[in-house]
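Notes for the one structure printed next.
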Amino acid sequence: MTHAVGASQSLHPKRWGLTRAEGGLCLRGTSLAGLADRWGSPLFVVDADRLDENVRRFQQVPPGVEVFYSYKTNPVPAVLQRLLGLGVGAEVVSPYELWLALRLGVAPGRIIYNGPGKTPRAVRTIVQNDLLLTNLNHREEIALVAQAAEQLGKRPTVGLRVATSDSWSGKFGVPIAGGQALAAYEEALSHSSLRVVGLHAHRGVAIEDAETLEGFVREVLEFCDTLHARLGLAVELLDLGGSLAVPTVLPLDASTLPLDEQVRRKLSIEHYLALLVGQVEDHFRRVGRPMPRLLLEPGRALTGNTQMLLCRVNSLNEAGAVPAHAILDAGESIAHILHREYHEIFHVERWGDSPSETYTLDGPTCSPMDRLRTAIELPRLQLGDTLAVMDAGAYLVSFSNSFCFPQPGIVLLEQGRETLVRRAETYEDMVDRDSYASEVSR
């Protein structure tokens, strides 16, 4: 595994609202090292103020444009409940996520159900709950949902997920190319038990620039025209998914551009919304049809930069090797996504000191793949030093597991107040569901 980006350059902590004080880096006046002291390490820290700010940024849209958070991105109930309180709906992709959304108090009319693995049992639950929109992932799901609707005496509102020329496909959606998506809509419209008024397209591959966004949306809008011309279908719910990139999360490539310039070139939330909404509005104005309700499903763009992972140096293996190996208390079991993304990592206690050593950052498990960064320049590390892994609010908690070590706790920081919203996993938690002799005679 080679990590070509960022060995000798880094972004400034102020991008995340971090400041430097006598004890090291602080988030809105609270010492990061102090958080790890009080709550343990490793530790996820949610910046509630930045989360609220990101929601406000996404909500600066005209009436008829609605935001639904992708639950799979960061399924922390306290975060999801906060988003609900701020008026954000739920986009779910599994029976568990639907259960969680309903448990948290999300109204069925504020839930979108997506995903490729709908079983007959899951479909009955979906249909029974009268959700805002259920997007059928592929053609074989049409008859499954129609049959459940007939049996339950319901008429669910549905759309079909379509795959554009540059989006995820195969497992996801019905390709527009070759008339496949058109044929799937024709089949869906033949079922009187389905209210077919939605269209779903989610690029999957990150949207980082205006040209990519414009091409993706244009292809979807052209398909809307095809549905209207060929089948007489006026789309009422246009779901354009998510996929907006986090500007400060970068690819692991050998770009010659400085990190700051790479970040500057990424679409901001405001620019993304202006381009997307403007393109959709212009299209329907031009063709003379009413604009549908526009549904957006941000995930990483909404929460990615609102959370960090604090971890500490457990051991140093210098042994004459270059670079030296710093063995942390956090690794791939809770930060696996760092294998394929560049995330900024700060030395909490001594950020701003001149980097003096190159380190490989390894996780604590007995696996050569357990590595967060192959090469990074940092001020000389000491045992117990704290590192902050930024942009940890997308797919770190989601993919965390208990391989050899318990999973970390989560603290929400709001205007200086610290709230433990998920306690750290214990050894007892790790075996609590198992059946075994809890006491062994010796």
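What follows is calculated from the coordinates using simple rules that are stated; it is not laboratory data. The structure displayed is predicted, hence computed values, not measured ones. Neighbour counts run over all protein chains shown; Cβ positions are idealised from the backbone, glycine included.
A few comments on the model shown:
- Ranked by the mean number of other Cβ atoms within 10 Å of their residues, highest first, the peptides 422-432, 236-246 come out as 236-246, 422-432.
- Computed with the Debye formula from one identical point scatterer per Cα of the chain, without solvent, the log10 of I(q)/I(0) at q = 0.08, 0.13 Å⁻¹ comes to -0.51, -1.16.
- FRET E, pair GLN180, GLU418, Förster distance 60 Å, beta-carbon r, rounded to 0.05: 0.70
- Extension gain (nm, one decimal) between SER354 and LEU383, 0.36 nm per residue minus Cα-Cα: 8.6 nm
- Each stretch of four or more DSSP H residues adds -39500 (n - 2.57); spread over every residue of the chain, this sum gives -8500 deg cm²/dmol at 222 nm.
- Top of THR358, THR119, THR157 by mean-square fluctuation, Gaussian network on the chain, Cα under 10 Å: THR119
- Here the calculated FRET efficiency for THR226 and ALA274, from their Cβ-Cβ distance with R0 = 25 Å, stands at 0.40, rounded to the nearest 0.05.
- Whole-Hz ³J(HN,Hα) from phi, Karplus 6.51 cos²θ - 1.76 cosθ + 1.60, for region 76-88, glycine and proline x: 9, x, 5, 5, 4, 5, 5, 4, 4, x, 8, x, 8
- Estimated Rh, region 115-296: Kirkwood, alpha-carbon pairs, angstrom: 17.5
- Tilt relative to the chain, helix 140-152 - C-alpha long axis, 0 to 90 degrees, to 10: 70
- Net charge over other residues, Cβ less than 10 angstrom from the Cβ of ILE410 (K, R count +1; D, E count -1): +2
- Amide N of region 183-227 lying under 19 Å from the label point, which is placed 7 angstrom from the Cα of GLN9 along Cα→Cβ: 209
- Two-site FRET efficiency, GLU261 against THR426, from Cβ-Cβ distance with R₀ of 41 Å, rounded to 0.05: 0.35
- Phi-derived couplings, Karplus 6.51 cos²θ - 1.76 cosθ + 1.60 at θ = phi - 60°, listed residue by residue for region 432-438: 4, 8, 8, 9, 7, 6, 6 Hz, with x used for Gly and Pro.
- Distance in nm between pseudo-label sites at ARG20 and ASP434 (7 Å out along the Cβ direction from Cα): 4.7
- Structural descriptor for the chain: relative contact order 20 percent, calculated from alpha carbon pairs under 8 angstrom and at least 6 residues apart.
- DSSP-loop trypsin sites (Lys or Arg not before Pro) across region 102-200, with at most 11 other Cβ within 10 angstrom: LYS171
- Of all lysines in the structure, the ones whose alpha carbon falls short of 30 Å from that of LYS118, not counting any fewer than 8 places away in one chain, are LYS72, LYS154, LYS171.
- Over all other residues within a Cβ to Cβ distance under 13 Å of GLY278, the charged ones net out to -1, with Lys and Arg as +1 and Asp and Glu as -1.
- Mean Cβ neighbour count within 10 Å, used as a protection proxy, ranking 64-73, 366-375 highest first: 64-73, 366-375
- Between SER402 and ARG103, the distance separating the two model label sites (each 7 Å from Cα on the Cα→Cβ line) works out to 1.6 nm.
- Karplus-derived 3J(HN,Hα) values for region 223-234, using 6.51 cos²θ - 1.76 cosθ + 1.60 with θ = phi - 60°, are 5, 4, 4, 4, 4, 5, 6, 8, 10, x, 8, 9 Hz; glycine and proline are entered as x.
- Formal net charge of residues neighbouring ALA149 (Cβ-Cβ distance under 10 Å; K, R +1; D, E -1): +3
- Segment LEU86..GLU236, full-extension length gain: 51.5 nm, with 0.36 nm per residue of separation and the alpha-carbon distance subtracted.
- Taking the Cα centre of region 252-364 as origin and assigning +1 to Lys and Arg Cβ atoms and -1 to Asp and Glu Cβ atoms, the resulting dipole is close to 840 debye.
- Degrees between helix 269-287 axis and first principal axis of the chain (Cα, 0 to 90, nearest 10): 10
- Distant-in-sequence amide H partners of GLY409 (H built 1.01 Å from N, under 5 Å): PHE44, ALA424, GLU425
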